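A.B. asks: Supplied in structure tokens, the structure appears directly below.
Values in this text are rule-based calculations from the coordinates and carry no lab data. Note that this is a predicted model, so its numbers are computed, not measured. Note that we place each Cβ from the backbone using ideal geometry, even for glycine, and neighbour counts take in every protein chain shown.
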Amino acid sequence: MRTRSEQDYVVAIIEVCSEFFSADDISAQDNFFMLGGTSLNAVELTEELLARHRVDLPLDAVFASDTLAELAGYCTRAASVPDA
């Protein structure tokens, strides 16, 4: 499995957020909660990243991140779920 870069995760997070918030002008410097994210959306985001990109992101990382780019940094450091 190819190792994903932080930029790969930025793109993935923006893609999911664009779907959640029906917006196409989301940037890496946006804040998840300022975009309109809720705690339920945060759970859904972690589930989507796990399902689509096999990254096991802790929920508290969403709350701790000031920007989507910072959240992508957590993704690169998170342990990937091993292939079954």
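A.B. asks: Report the percentage of all Cα-Cα pairs in segment 6-77 whose separation exceeds 17 Å, rounded to a whole percent.
C.D. replies: Cα-Cα pairs of segment 6-77 separated by over 17 Å account for 29 percent.
A.B. asks: Compute the acute angle (0 to 90°) between the alpha-carbon long axis of helix 6-21 and the principal axis of greatest extent of the alpha-carbon atoms of the chain; round to the nearest 10°.
C.D. replies: It works out to around 50 degrees.
A.B. asks: Please go through the chain and write out the trypsin sites (Lys or Arg not before Pro) that DSSP classes as loop and that have at most 16 other C-beta atoms within 10 Å.
C.D. replies: Taking the chain and a limit of 16 other Cβ atoms within 10 Å, the loop trypsin sites (Lys or Arg not before Pro) found are R2, R54.
A.B. asks: On a 0 to 90° scale, report how tilted helix 39-53 is relative to the longest principal axis of the chain, with both axes built from alpha carbons and the result rounded to the nearest 10.
C.D. replies: The two axes meet at around 40 degrees.
A.B. asks: Could I ask something else about it? So who's got an amide H within less than 5 Å of the one on F32, skipping anything under 5 residues away but keeping other chains? H placed 1.01 Å off N, in plane.
C.D. replies: Hits under the 5 Å cutoff: L68.
A.B. asks: On full extension of the chain, what length is gained from S22 through M34, given 0.36 nm per residue of separation minus the C-alpha to C-alpha distance? Each step should come with its number before you reach the end.
C.D. replies: Numbers: separation 12, 0.36 × 12 = 4.32 nm, distance 1.42 nm.
Taking 0.36 nm per residue and subtracting the Cα distance, the gain is 2.9 nm.
A.B. asks: Per residue of the chain, what 222 nm ellipticity follows from adding -39500 (n - 2.57) for every DSSP H run with n ≥ 4, rounded to the nearest 500?
C.D. replies: -17500 deg cm²/dmol
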